[in-house]
Amino acid sequence: MLLELQGLTKHYHDKVALEDVSLSLDPGIWGLLGPNGAGKSTMMNIIADILPRTRGEVLWNKESVRKLGNKYRSILGFLPQSVGLYEHFKARDYLRYMCILKDILQEKNKKKELKEHIDSIIDTVNLSSDANRRIRTFSGGMRQRLGIAQALLGDPKLLILDEPTAGLDPQERIRLRNTIAASSANRIVLWSTHIVSDIENIASKIIMLRKGKCIAVGTPSELVSELNGQVWTLDIFPEQLKDYQNRFTICNIALEGNTRHIRLIAASKPHPEALQADPTLEDLYLFYYGEEGYHETDSV
C-alpha cells in the first residue's frame, strides 16, 4: 500500500499554492503541519482528486489516480474543511445515502451488514443517541463528527482528514485521536492540522509545509532532534520580556510571582542561569513558523 506524490504543483493565476511536492506515504498516520495558507488543503484536495493540479502526479500503488477513477475513490475517505451536509436529512439517513453514493454494501443480501456498519460508525463518533435527529438541529461539533463518520464509511485504505478536530471539545478530540490511531496500521492516514497536540503522540511521520513547499519530513523524534541543545528555560523580570522576545523565539511564557518563566529557542546559552530543556514538536513548529503559526490567514 503506497501513495506517491510526484512534483505536485498548483498555481492560482500568479499565486503559488503548492510547489513541486514529492512524497511517498506508506501505512500509518502522517501529520501534515503548517499554518493556514501553507498549502495543506490544496494538497489534500489534489490527492482526493477533486482539484486539478497544474503539474505533477498522484499514484496509488504505482497507478495514476486519474486512470484508476472510481476504483481509487472506493478506497478513499475524505473529510474536507467544509463538509456538505444535507440539512433536512437525519444523521443515519445521511450516512446511508453516502453509502449509496460510494457503493458501499449495496448488494441486496448485505442489508443487515450495511446497517451494522453504519451503526458501528455512528457509535465510533459518539452520535448514537442523535442518529435519528435532523442535521439542521446539530451543533458545530456534532456536524464535524458526522463529517468524520462519512469519511470512515467503507473502511477506507486512504483516509484524508483536513483539520478534523475543528469544533470538537477536548474529550471528543481525544476520542478521535484514539479511534484513528487504533486503525492506522492497515491504512494510510493523512491528518492536516495547525494544532500540534492533535498529532504529537500518534503520528508516525510528520510533513511540514510552508508557502506551498515541503520544508521537512520525518518521524517526530527525527525532526525534533534538530533542536537538541537549542531549547532553554529561564526566569526573568517582566521588564526584560520585550528584549527577549526581540532576540529569540519564545515558545512559552508563564507567570511565577514577580517573574516570568520563559521557554525559548537559542543556538547558544542565552543567559548564565538558563537551563537546557528537551525540545518538543511544538518548539519545532514555532522554530519553523514563528508568529506565522499563530496569526492565521485564509486557508489554501
request  = Given the conditions (1) at positive phi; (2) modelled with pLDDT of 95 or more, report the number of the one that Y94 does not fulfil.
outcome  = (1)
task = Report, by residue number, each residue of the range 83-107 that is surrounded by fewer than 18 Cβ atoms within 10 Å (Cβ to Cβ) and either over 21 Å from R133 (Cβ atoms) or not assigned by TED's automatic domain parsing to the domain that holds L168 (or both).
result = L101, D103, Q106, E107
task = From the list S184, S192, pick out the single residue that is closer than 24 Å to N36 by Cα, small (G, A, S), assigned by TED's automatic domain parsing to the domain that holds G141 and surrounded by 13 or more Cβ atoms within 10 Å (Cβ to Cβ).
result = S192
query = What are the residues in the range 183-192 that are part of a strand (DSSP E or B) and either of a type in the set (A, V, I, L, M) or over 23 Å from L2 (Cβ atoms) (or both), if any?
reply = I188, V189, L190
ask   = How many residues are more than 16 Å from the chain's Cα centre (by Cα), assigned to a loop (DSSP other than H, G, I, E, B) and without any contact (Cβ under 8 Å) to a residue 40 or more places away in the chain when one looks only at the range 146-182?
value = 2
request  = Just one of (1) surrounded by fewer than 14 Cβ atoms within 10 Å (Cβ to Cβ); (2) modelled with pLDDT under 95; (3) over 16 Å from D155 (Cβ atoms) trips up K110, so point out which.
outcome  = (3)
inquiry  = Could you go through the range 61-73 and let me know if any residue there is surrounded by 15 or more Cβ atoms within 10 Å (Cβ to Cβ), farther than 30 Å from H13 by Cβ, of a type outside the set (S, T, N, Q) and touching a residue at least 24 places away in the same chain (Cβ under 8 Å).
reply    = no
query = Any idea how many residues of the range 118-142 are touching a Leu at 6+ places or on another chain (Cβ under 6 Å) and not small (G, A, S)?
reply = 3
task = State all residues of the range 1-57 that are buried (at least 16 other Cβ atoms within 10 Å of the Cβ), out of contact with any helix residue (DSSP H, G or I) (no Cβ under 6 Å at 6 or more places or on another chain) and among the β-branched types (V, I, T); if no residue qualifies, say none.
result = T9, V16, V21, T42, I46, I47
note = Considering only helices (runs of 4 or more DSSP H) wholly within the range 199-300, the ones with at least 3 residues that are touching an Asp or Glu at 6+ places or on another chain (Cβ under 9 Å) are 281-289
task = Name, by its number, the condition in (1) outside any helix (DSSP H, G or I); (2) under 26 Å from the mean Cα position of the chain (by Cα) that does not hold for N132.
result = (2)
query = Just to be sure, is T219 among the hydroxyl-bearing types (S, T, Y) and either under 25 Å from I253 (Cβ atoms) or outside the structural domain of R177 (by TED's automatic domain parsing) (or both)?
reply = no
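The values are calculated or read from the model by the stated rules, or taken from the named source; none is laboratory data. Not measured: the values here are computed from a predicted model. Because the Cβ atoms are built from the backbone with ideal geometry, glycine has one as well, and the counts that use them run over all protein chains shown.
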